[in-house]
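Presented below is the structure to which this report refers.
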Amino acid sequence: MIKMTDWMLIGTTALAWYHVGFVWLVQVVAWPLFGYVGSKEFPAYHAAWWRGIRYILFIPSVLVFAGGLALVFAPPDRVPFWLLAAAFGMTLLMWVLTAVWWGPQQARLNDPHSPRLVVINRSHWIRTALVTGNALALLAALSLRLAGT
């Protein structure tokens, strides 16, 4: 019988993999393409880009955070606590680093040819790794849960 915690694991895992696709697209495509926008046009472009990603990125990301937290407090059967705690820890660290580093850096980005963009892009690999690691840990948790049914 599928329990609510199983549905939470399935939904959180699916959203985490959606987040993986988004973060890799940003890392490999969006950030490098910023350099092709003219300096004069960049502020308007960046503002439109920011408005465009707001809901398609933040809502799923918040749901992954909430689902991960719920799974730590109510783990599905046969899923080790440490695995769910590690997954949530990666999400929590990603949010903290976003709040103290990437968010402020991105908010001050006003020229696609500034050294700031290079620093953001290089350091963003950490966020990409954390988002990917979270999804892999959740997939492992889901696999363990399904293997035990």
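The values are calculated or read from the model by the stated rules, or taken from the named source; none is laboratory data. These figures come from a predicted structure and were not determined experimentally. Ideal geometry is used to build each Cβ from the backbone, glycine not excepted, and the neighbour counts take in all protein chains shown.
Observations on the model:
- Close pairs from the stretch 84-100: first surrounded by 16 or more Cβ atoms within 10 Å (Cβ to Cβ), partner of a type outside the set (A, V, I, L, M) and not in a helix (DSSP H, G or I), Cβ under 9 Å, at least 6 apart: L84/P75; L84/P76
- Residues in the stretch 27-35 include none that are exposed (fewer than 12 other Cβ atoms within 10 Å of the Cβ), within 12 Å of the chain's Cα centre (by Cα) and under 16 Å from T128 (Cα atoms).
- Test: R122 is part of a helix (DSSP H, G or I), surrounded by fewer than 15 Cβ atoms within 10 Å (Cβ to Cβ) and either charged (D, E, K, R) or at positive phi (or both): yes
- Candidates D77, D6 - the one that is in a helix (DSSP H, G or I) and either at positive phi or touching a helix residue (DSSP H, G or I) at 6+ places or on another chain (Cβ under 9 Å) (or both): D6
- Residue identified as more than 18 Å from T132 (Cα to Cα), touching a Leu at 6+ places or on another chain (Cβ under 6 Å), in contact (Cβ under 8 Å) with a residue 12 or more places away in the chain and surrounded by 11 or more Cβ atoms within 10 Å (Cβ to Cβ) among P80, P75: P75
- Residues satisfying the stated conditions in the stretch 42-72, i.e. closer than 16 Å to T12 by Cβ and either touching a residue at least 60 places away in the same chain (Cβ under 8 Å) or part of a loop (DSSP other than H, G, I, E, B) (or both): V64, G68, A70, L71
- The set of residues in the stretch 124-149 being over 17 Å from H19 (Cα atoms) and β-branched (V, I, T) consists of T149 alone.
- Residue match in the stretch 14-22 (condition: farther than 13 Å from L130 by Cβ and free of Cβ contacts under 8 Å to residues at least 24 places away in the same chain): yes
- Restricting the stretch 104-119 to residues that are touching a residue at least 60 places away in the same chain (Cβ under 8 Å) and outside any helix (DSSP H, G or I), the residue that is nearest to I2 (Cα to Cα) is L109.
- Checked against (1) among the polar types (S, T, N, Q); (2) in a helix (DSSP H, G or I); (3) exposed (fewer than 14 other Cβ atoms within 10 Å of the Cβ), S39 meets all criteria but (2).
- Any hit, the stretch 126-148, residues being surrounded by fewer than 16 Cβ atoms within 10 Å (Cβ to Cβ), more than 30 Å from D77 (Cα to Cα) and at pLDDT 95 or above: yes
- Test: residue in the stretch 135-147 that is in contact with a Lys or Arg (Cβ under 7 Å, 6 or more places away or on another chain) and outside any loop (DSSP other than H, G, I, E, B): yes
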